[in-house]
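Structure record follows, encoded as structure tokens.
The values are calculated or read from the model by the stated rules, or taken from the named source; none is laboratory data. The structure displayed is predicted, hence computed values, not measured ones. Note that we place each Cβ from the backbone using ideal geometry, even for glycine, and neighbour counts take in every protein chain shown.
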Amino acid sequence: MLRSLYIQHYALISSQKIDFQSGFSSITGETGAGKSIILGALGLIMGDRADARVIANGQTKCVVEADFDIRDYQLDVFFDRYELDNDDPAHCILRREVTTNGKSRAFINDSPVSLTIMREMASYIIDIHSQHENLLINNDDYQRDFVDLMAQNKEILTEYRNAFYHWKELTTELATLRREAQNKQQERDYIQFQWQQLSDANLVDDELQDLEEQQQQLLHAEDIKITTSHLTENLQSDEGLVSALKSITAELHHLAKFVPKAQQLAERVHSAMIEIDDIASEIADINEHADIDPQRLEYITLRIDTINTLLRKHNVSTDSELIIIRDQLECDLDKLDNIDQYIATIERQCQAAEQNLLKAAHDLTQTRMAAAPNIAKQLTKDMATLGVTHPNIQIAVTPNSDDMPADKRFTPSGQDNVSILFSANLNQPPMPVKQVASGGEIARLMLCVKALMAHKRMLPTIIFDEIDTGISGDVAVKVGNIMSAIAKNMQVLAITHLPQIAAKALQQYRVYKTDDQQGTTTHIEQLDREQRVNEIATMLSGTPPTAAALSTARELLDI
């Protein structure tokens, strides 16, 4: 439930905190007193678009903060999904700040959130029902969703949607395969050509790098032989480095007879000689394999050109990537060569998926048909209570024809057309609401719908914004009774001009304006018993209230 609402520098409200109670509360006040300001502030909490013009004159920022008690509404999944704190579910704080540059910030329990997240959170905890929302009853989707809520078929609807999207995915794949089959030969020739080029290249992982190294060696084979021969001569000839190191080693051994440290030096020189001798052997090996082979060079050059041409053509940088492309093309060729088999396989899967979809759709239809009579019966009863003399309401659940194409017959919400049929006159068959119901009848029907939904939907707070337009007298009393009944399951706030409805509330709030040198300010206050008597009497007879109005007010309040 909404525990409190704090508003600062919003429109004509300077700073106001309003504490609310559970059950049914009414909000009254003269036209223009600022009741719409309260709704506008709540709209910010519900994620409505911010407008800097709502900021009070001379201020740089407005703030709206709502404190909700959500202990009984199992919203832990929401808080976990968005990693939000929920340490005290008895105080879930939604706050919105709007600055003069038009920017706004949203918070849930002091954590910054996007407006999308704030809207989602608000949808779980509050619903504002205004006059224009009565038009929703004319919407086919709304009527179907209402019947589904009353049928409590969420699991069956989920199963149907899973079946629908699986079938949709398969039919889309099948359509794609059939289009591919139409262009099969032209596409196959092109893929075959690309694959053949890559296949004929006999590609090997990392071959290009090895070929480029071989190419450089062949191109410079003569220089390699000259250089390595010179190096070998300098290292291994009688006057070369190895021979010199041998002499140095011998002399150090001789010196070691007199200087012990010379022995270590002799061993180090000997080790260097062994390493240099090994280097000389490897240089000699390079010399031996440095062949001048024009034919081999020509082959390697052509091979490198072939691979580089393929790299440029396929816009990749390594021969390993070319191999991946070749293998994928081979798979594509196989798929094209076997597309008829693929199509046959997907067709069988589509047929099985459609049968599963048919069963799920039938089960969903049955839940709606089973719930329809009871829904119609209750709506008819409630409409009679609200002064419709001869209400006749039926819920028509009509599955789409088997002759319709499957893509037209099935939708994400089932195969049914769900329609609320209405008649307010004897001997007149019920017809779709939007065709026959008057504005007043639609308003009463929507109230009855909301009343039924309140018993099925776990929603902490609902606000009725002047939905009582066009009714009075005994009907107004009955509307108040319905709101009182709804309030047994949730918190109800009703903004109303009717004393009969205001008097049914457990608590009443008055919205009023004051004027001073600083300007006009809107206030809201909770009324005590005597203040309620005076307010309701004023609603009955004007200011000042008459004695008769005061007496009637007491009767309405049952004081």
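Annotations
- Of all residues in the stretch 239-258, those satisfying the criterion of being in a loop (DSSP other than H, G, I, E, B) and charged (D, E, K, R) are E239, K257.
- Selection status of H129, surrounded by 14 or more Cβ atoms within 10 Å (Cβ to Cβ), in contact (Cβ under 8 Å) with a residue 60 or more places away in the chain and within 28 Å of D67 (Cβ to Cβ): yes
- Any hit, the stretch 226-238, residues being outside any helix (DSSP H, G or I), surrounded by 12 or more Cβ atoms within 10 Å (Cβ to Cβ) and over 60 Å from the mean Cα position of the chain (by Cα): no
- Whether a residue is crowded, with 16+ Cβ neighbours inside 10 Å and part of a helix (DSSP H, G or I) was assessed, and I191 passes this test.
- Flag if I442 is within 23 Å of N138 (Cβ to Cβ) and either assigned by TED's automatic domain parsing to the domain that holds L2 or β-branched (V, I, T) (or both): yes
- When we screen I325, I300 for residues that are within 17 Å of E207 (Cα to Cα), in a helix (DSSP H, G or I) and at pLDDT 90 or above, the only hit is I325.
- Set S413, S423, S401: member being over 30 Å from N183 (Cβ atoms), touching a strand residue (DSSP E or B) at 6+ places or on another chain (Cβ under 6 Å) and among the hydroxyl-bearing types (S, T, Y): S423
- Scoring L157 on the criteria (1) crowded, with 18+ Cβ neighbours inside 10 Å; (2) outside the structural domain of V63 (by TED's automatic domain parsing); (3) more than 22 Å from D407 (Cβ to Cβ); (4) touching a strand residue (DSSP E or B) at 6+ places or on another chain (Cβ under 9 Å) leaves a single failure, condition (3).
- From T496, T546, T522, residue being more than 44 Å from the chain's Cα centre (by Cα) and not charged (D, E, K, R): T546
- Among all positions in the stretch 101-110, there is at least one residue which is modelled with pLDDT of 90 or more, in a loop (DSSP other than H, G, I, E, B) and of a type in the set (D, E).
- If you go through the stretch 14-24 and keep only what is surrounded by fewer than 23 Cβ atoms within 10 Å (Cβ to Cβ) and of a type outside the set (K, R), you end up with S14, S15, Q16, I18, D19, F20, Q21, S22, G23.
- For the stretch 333-358, the tally of residues that are basic (K, R) and either under 11 Å from W167 (Cα atoms) or surrounded by 13 or more Cβ atoms within 10 Å (Cβ to Cβ) (or both) stands at 1.
- Residue within the stretch 360-369 that is farther than 20 Å from R161 by Cβ and either out of contact with any Pro (no Cβ under 9 Å at 6 or more places or on another chain) or without any contact (Cβ under 8 Å) to a residue 40 or more places away in the chain (or both) present: no
- Options I420, I395, I442; residue that is surrounded by 18 or more Cβ atoms within 10 Å (Cβ to Cβ), modelled with pLDDT under 90 and of a type in the set (A, V, I, L, M, F, W, C): I442
- Count of the stretch 171-193 residues which are basic (K, R), modelled with pLDDT under 75 and farther than 16 Å from I343 by Cα: 0
- Qualifying residue in the stretch 80-102 (condition: polar (S, T, N, Q), in contact with a Leu (Cβ under 8 Å, 6 or more places away or on another chain) and crowded, with 19+ Cβ neighbours inside 10 Å): no
- Some residue of the stretch 378-390 being buried (at least 17 other Cβ atoms within 10 Å of the Cβ), hydroxyl-bearing (S, T, Y) and free of Cβ contacts under 8 Å to residues at least 40 places away in the same chain: yes
- Pick from the stretch 40-53, criterion assigned to a helix (DSSP H, G or I), modelled with pLDDT of 90 or more and not small (G, A, S), ranking: farthest from the chain's Cα centre (by Cα): L42
- Only a single item in (1) within 23 Å of the chain's Cα centre (by Cα); (2) closer than 30 Å to I395 by Cβ is not met by M150, and it is number (1).
- Residue match in the stretch 215-223 (condition: outside any helix (DSSP H, G or I), more than 30 Å from T306 (Cβ to Cβ) and either of a type in the set (V, I, T) or out of contact with any Cys (no Cβ under 6 Å at 6 or more places or on another chain) (or both)): no
- Selection within the stretch 271-305 - farther than 18 Å from N234 by Cα and buried (at least 16 other Cβ atoms within 10 Å of the Cβ): A290, L297, I300, R303, I304
- Filtering the stretch 69-88 to residues that are modelled with pLDDT under 90 and farther than 19 Å from I126 by Cα leaves only D87.
- Each residue in the stretch 208-260 was checked for being at pLDDT below 80 and either in contact with a strand residue (DSSP E or B) (Cβ under 9 Å, 6 or more places away or on another chain) or of a type in the set (D, E) (or both), and 7 pass.
- Check on A371, touching a Phe, Trp or Tyr at 6+ places or on another chain (Cβ under 7 Å) and crowded, with 19+ Cβ neighbours inside 10 Å: no
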